[in-house]
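Can you keep this structure in mind? I'll have questions shortly.
Derivation of every value follows stated rules applied to the coordinates shown; laboratory data play no part. What you are looking at is a predicted structure, and each value in this text was computed from that prediction instead of being measured. Here the Cβ positions follow ideal geometry from the backbone for every residue, glycine too, while neighbour counts run over all protein chains shown.
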Amino acid sequence: MASKLWEKSVKVNHDVETYTIGLDREMDLYLAPYDVIGSLAHTTMLETIGLIAPDELKIIRKELISIYHDIQNGKFTIDEGIEDVHSQIEFLLTERIGDIGKKIHSGRSRNDQVLVDLRLFMRSEIESIVNHVESLFNTLISQSERYKDVIIPGYTHLQVAMPSSFGLWFGAYAEALIDDLMVLLAAYNVNNRNPLGSAAGYGSSFPLNRTMTTQLLGFASVDFNVVHAQMGRGKTERIVANALAGIAATISKLSFDACMFNSQNFAFIKLPDEFTTGSSIMPHKKNPDVFELSRAKCNKLQSIPYQISMITNNLPSGYFRDLQIIKELFLPMFDELKSIISMVEKMVLSIKVNTEVALDERYKYMYSVEEVNRLASNGMPFRDAYKKVGLDIEAGLFTPDPAIHHSHEGSIGNLCNDRITALFNDTVAQFDFDTYHKAFDELLSC
Ligand code: ARG
């Protein structure tokens, strides 16, 4: 059996082979199930344009579906010397069903094969990320509701500023996830278009039915212009990576807050001992390593769209092998982000809040604006009230009244968590996952 789809009379130099394959045999395992699904759609279409006979299609489909199940059951590998997942599946097929297997590559190239694999992978992985984000969102909202009456100082310039609350703090990160999902939804829609049929990037002289493969794969539209479809390689990954980076940025900020609030100097929250780690020299230490590692991992994830930009920036249109390197940056992002989200959710659930923070003398000036507003509500012009309270503070005459009366939307006394939840649910509902699930079920049914 030839080990390269393209090898003819000359055998490629071993070092060149190793160098060009790089991490592909490992990376392409992420794409394997989608490569089979893409082939199912492509061959189903080839039969309708007469390039595969109906009885041949039956045999191809049966074998592809069996390979799909092997992949799902962990029984699929890319063998030593085989370049990539596309080659492995074509070789397997030809080994098992003979010459019929050699027909499946009519009208396509590995360039549009990997394009479609990536799109299908991204679509499924985005769905999984949305589910993880939804779970974290619900936990943040429930913590916000649970601790809505617990006041903490709010800071500007890291100086004690105005009263805030755990209701606001937890709820702020929940609402931040809505922004992140809105961006992810845009990325999902950019991704949800079918590049299959662009072949090497310039289409084919076969009368391919691209509308048909679009429907078979449950895409929202054809990615029409074949040159444009090929230019989507790298660009789509950057757009999706950027959306993932948005979620990472939210979690990184939450993690920093949590580390800071957990420090003895703040003592707003405490992590249960079993959620902290110790020091090899200082016997008293209980460190918030999970939040620290999450912050670092999230910051690392945020660099990935920039790394993808660096790889794609100086490429003209058309396929280049440079694009292969993006896979090793991009494909593991989803698993990493999912593990961070799950861990951070666990931590958020376990946080013990200090209900007494606001009683501490050192925070008394956070009530200064409350006092100014009280005077202004009673008729004193705001600027005069501001000056009076300022002078009282300077003269040591200010005594705080810790009663908080914030009632407008989104404030301590009116968090609007129900409206935030409705907006979140509305955003999630705009992701169309059903169409592709139905399409996959149909393609994989015998
Ligand atoms: N491993 C390649 C990639 O990820 C697959 C496409 C190969 N195409 C080619 N023209 N050499 O880009």
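Got a sec? Charge dipole of segment 341-446, +1 on Cβ for Lys and Arg, -1 for Asp and Glu; which of VAL357, ALA376, MET343 is way out at the positive end?
About the Cα centre, the residue reaching furthest to the positive side is ALA376.
Now a separate question. Between TYR202 and LYS388, what is 0.36 nm times their sequence separation minus the Cα-Cα distance? Round to one decimal in nm.
Difference between extended and current length: 59.5 nm.
Evaluate the chain: find the radius of gyration of its Cα atoms, find its Kirkwood radius, and give the ratio Rg to Rh.
1.12
In nm, to one decimal, how far is the modelled label at ASN131 from the one at LEU423, with both set 7 Å along Cα→Cβ?
2.7
Still on this model: Can you list the lysines whose alpha carbon sits under 18 Å from that of LYS235, skipping same-chain ones fewer than 8 residues off?
Once the sequence-local lysines are set aside, what remains near LYS235 is LYS327.
Another one. Between LEU349 and ASP179, what is the label-point separation in nm under the 7 Å Cα-to-beta-carbon projection?
So the label points at ASP179 and LEU349 sit 2.7 nm apart.
Next question. With a Förster radius of 25 Å, plug the Cβ-Cβ distance of ASP70 and THR20 into 1/(1 + (r/R0)^6) and report the FRET value to the nearest 0.05.
Approximately 0.40, to the nearest 0.05.
At R0 = 35 Å, how high is the FRET efficiency between SER9 and SER221 if r is their beta carbon distance? Nearest 0.05 is fine.
Between SER9 and SER221 the formula returns 0.25.
How far apart, in nm, are two points set 7 Å out from the Cα along the Cα-to-Cβ line at ASN378 and at VAL160?
Simple spin-label model gives 2.3 nm for this pair.
Still on this structure, I have one more. Over all directions, how big on average is the projection of the convex hull of the alpha-carbon atoms in segment 198-339, in square nanometres?
Average of the hull's projected areas for segment 198-339 equals 12.6 nm².
Only four residue types carry charge here, +1 at the Cβ of Lys and Arg and -1 at the Cβ of Asp and Glu. Report the dipole size of segment 1-138 about the Cα centre in Debye, rounded to the nearest 20.
Result for segment 1-138 is approximately 420 debye, rounded to the nearest 20.
Calculate for the chain the 222 nm mean residue ellipticity that helices alone would give, adding -39,500 (n - 2.57) per DSSP H run of length 4 or more and normalising by residue count, nearest 500 deg cm²/dmol.
-20500 deg cm²/dmol
Taking LYS285 as the anchor, which aspartates and glutamates have their alpha carbon closer than 14 Å to its alpha carbon, excluding any fewer than eight residues away along the same chain?
List returned: ASP273, GLU274.
Where in segment 162-203 does the amide nitrogen come within less than 19 Å of the point 7 Å from the Cα of ASN265, taken along Cα to Cβ?
162
Taking the alpha-carbon distance from LYS297 and a cut-off under 14 Å, which aspartates and glutamates remain once sequence neighbours fewer than 8 residues away in the same chain are dropped?
Output for LYS297: ASP289, ASP335, GLU336.
For LEU359 and LYS300, what does the FRET efficiency come to when R0 = 30 Å and r is the distance between their Cβ atoms, rounded to the nearest 0.05?
0.15
Please report, in debye to the nearest 20, how large the charge dipole of the chain is about its Cα centre when each Lys and Arg carries +1 at its beta carbon and each Asp and Glu carries -1 there.
In total the dipole reaches around 520 debye.
So which residue, out of SER280, SER164, SER255, gets the largest mean-square fluctuation from a GNM of the chain using Cα contacts under 10 Å as springs?
Answer for the Gaussian network model of the chain: SER280.
What's the local net charge at GLU394, with K and R +1, D and E -1, over the other residues with C-beta under 15 Å away?
It works out to a net charge of +1.
While we're on this one: Averaged over all directions, how much area does the convex hull of the C-alpha atoms of segment 293-368 cover when projected, in nm²?
9.2
Here is a follow-up. Relative to the present Cα-Cα distance, how much length would full extension add between LEU293 and CYS416 at 0.36 nm per residue of separation?
41.1 nm
Under 5 Å between amide H atoms, partner at least 5 residues away or on a different chain: which partners does ILE152 have, H built in plane at 1.01 Å?
So ILE152 has HN proximity to SER164, SER165, PHE166.
Determine the dipole magnitude for segment 346-446: charges of +1 sit on the beta-carbon of Lys and Arg, -1 on that of Asp and Glu, nothing else is charged, the reference point is the Cα centre, and the result goes in debye to the nearest 20.
380
Next question. Using +1 at the Cβ of each Lys and Arg and -1 at the Cβ of each Asp and Glu in segment 304-446, identify which of ASN414, ILE325, THR399 lies farthest towards the dipole's positive end.
So the residue we want is THR399.
Would you work out which of VAL114, ILE178, GLN264 lies farthest towards the positive end of the dipole of the chain, given +1 charges on the beta-carbon of Lys and Arg and -1 on that of Asp and Glu, about the Cα centre?
Of the candidates, VAL114 comes out farthest on the positive side.
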